[in-house]
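One structure is given here, and the rest of the page talks about it.
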Amino acid sequence: MHPLESLTNLDFSGSYMGESATRKLAEIFSKRLFSKTKILNLSRNGTGEYGTRFLMNALSTNKACDGLEHLNLSRNGMGSGFRVVPKCITSESLNPFLRTLNLSNNDIQGNVIHDACNDLNGSLPHNLTNLDLSANPFLVSEVPCREAASIATIRRAQRKAERSGKRHNTRIFPLRSNNQPSNTTTNY
């Protein structure tokens with residue numbers, strides 16, 4: 001066993017790797033060297049669009065992180081790289097365990113949200129309880145009704161979990177003014 005395989009918490013926050021170093025990190029994940037990682041913090045790394053695509057594809061294939069529960073990709077300027085996120089988080093590799101996904105402050109625009117929500121088809125990972133999309137510059141006028149249906153799907157899942165005795169702390173942020181993040185957590 002490689003020594004890196006036993007690490008459960010990886011924090012690369014603020015390292016500003018950029019797209020090329022993120023691509024190299026994605027290759028390492030593809031080799032399953034961090035397969036036991038439960039918490040991965042890659043915030044403030046400037047992964048950009050392509051770095052995000054490489055990373056998410058690596059994490060969602062080949063069980064790169066068997067039990068990843070918390071993924072922080074905030075403040076990376078992923079922009080349209082967000083398009084791959086929904087497909088990747090619903091993959092068999094990430095879906096069973098992922099509970100927290102932080103995508104705040106990533107310059108995610110309304111048209112990108114539209115495309116990504118079309119890929120979701122209403123199916124979020126069943127364990128996802130905290131999805132943070134705050135401080136992204138999309139407006140309600142840019143986001144069609146289908147995305148509102150996705151938010152309704154999240155709320156229905158929250159209510160269902162509440163009825164079964166589970167507590168959900170899913171943060172649903174208003175689409176009207178995401179340049180001013182909400183600090184409230186909605187408990188259902």
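No lab work stands behind these numbers, since they all come straight from the coordinates. Quantities reported herein were computed from a predicted structural model and do not represent experimental measurements. Every residue, glycine among them, receives a Cβ derived from its backbone with ideal geometry; neighbour counts consider all protein chains shown.
Numbers below:
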read-out: Stretch gain in nm, segment residue 63-residue 6, where the contour uses 0.36 nm per residue and the Cα spacing is subtracted; value: 19.0 nm
read-out: Within segment 1-43, chymotrypsin sites (Phe, Trp or Tyr not before Pro) in DSSP loop having at most 12 other beta-carbon neighbours inside 10 Å; value: 16
read-out: Whole-Hz ³J(HN,Hα) from phi, Karplus 6.51 cos²θ - 1.76 cosθ + 1.60, for segment 21-28, glycine and proline x; value: 5, 5, 4, 5, 4, 4, 5, 5
